[in-house]
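The values are calculated or read from the model by the stated rules, or taken from the named source; none is laboratory data. Small disclaimer: the values here were computed from a predicted structure and weren't measured. Ideal geometry is used to build each Cβ from the backbone, glycine not excepted, and the neighbour counts take in all protein chains shown.
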C-alpha cells in the first residue's frame with residue numbers, strides 16, 4: 001500500500017516538475033495562451049448559438065449584404081467584410097470550433113486507435129508486431145494529406161467522413177510512437193512483477209505500459225492537432241472539407257482567391273489565423289517535449 005502511494009507521489013512530482021519547466025519556456029507559454037484563447041472563443045460561440053437558438057449565427061454570421069461587399073476593416077467591422085458582405089471577424093471566430101475541435105477530436109481518435117495498436121505490437125512482438133507494423137508502414141507510405149483526400153473523395157464530403165479521414169491518416173504515427181515506448185518499458189522489473197502476480201495482459205498494457213508512454217504521446221498529439229487543422233483547412237480549400245456557407249478558414253481562403261486584388265483582408269486574415277494557430281501548437285509541442293524529457297533538468 002505504501003509503495004503504491006509512493007509511486008503516485010513520484011508520478012505527481014514528475015508532472016509538477018514538467019509544468020515548472022514548461023512555465024520557464026516563454027514561447028511555449030505564449031502558444032499555450034493563444035490556444036486557450038481559441039478554446040474560450042469556440043466555447044463562447046457554441047454558447048451563443050445555444051442561447052439564441054442559432055438566431056445570432058443566421059442574422060450576423062452567414063447573412064449576406066452585397067451592398068457592402070469587400071468593405072475594408074472599420075470600427076463597425078474590425079476585420080472588414082468578405083465577397084458576400086459578411087463580417088469576417090465573426091466568421092473567423094465561428095470557424096474556430098470546426099478547425100480546433102474537429103482537429104482535436106480527429107487526433108483523439110487517432111491516439112486511441114494508434115496507442116492500442118502500438119501497445120499490442122510492442123508488447124507481444126514477433127508475428128503480431130510484424131503484421132500490425134507492416135500495415136502501418138503501408139499507410140505511412142502514403143502522405144497523410146493524400147490519404148485523407150482519397151478517403152473523403154471516395155466516401156463523400158461530410159463532417160463524419162472528414163473526421164475519419166484525418167483520424168485514419170494519423171493512426172500510424174501514434175502506433176509507431178507508442179510501440180517504440182513500449183519496447184523500452186515492457187522488460188522493466190515492475191512489468192515482470194505484474195506478470196508474476198497474475199495480472200492479465202490487458203491490465204498490464206492499460207495500467208502499466210500505456211501510462212508510461214504518455215510523455216511522447218502528449219507531445220506527438222499536440223503536434224498532430226496542428227497537422228490535423230492544416231489538413232482540414234487544406235481539404236476545405238480544395239472543396240472536399242466543410243462546405244459553405246459554414247465558416248471555415250480553408251474554405252474562406254478558397255472563396256476569397258478570386259477577390260484577392262479587390263480586398264487584401266479577405267485572404268490575409270483567415271490565412272493569418274491558420275498560421276498563428278499552427279505556430280502556437282508547434283511551439284507548445286516543442287515546449288512539452290522539452291518539459292517532459294527527464295534528461296533536461298533546469
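Overview of results
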quantity: Among residues of segment 236-267, those that are out of contact with any helix residue (DSSP H, G or I) (no Cβ under 6 Å at 6 or more places or on another chain) and closer than 26 Å to residue 143 by Cβ, counted; calculated: 5
quantity: Test result for residue 271, free of Cβ contacts under 8 Å to residues at least 24 places away in the same chain and either assigned to a loop (DSSP other than H, G, I, E, B) or closer than 25 Å to residue 105 by Cβ (or both); calculated: yes
quantity: Helices (runs of 4 or more DSSP H) enclosed by segment 178-266 - at least 1 residues per element that are buried (at least 19 other Cβ atoms within 10 Å of the Cβ) and at pLDDT 85 or above; calculated: 214-237, 249-256
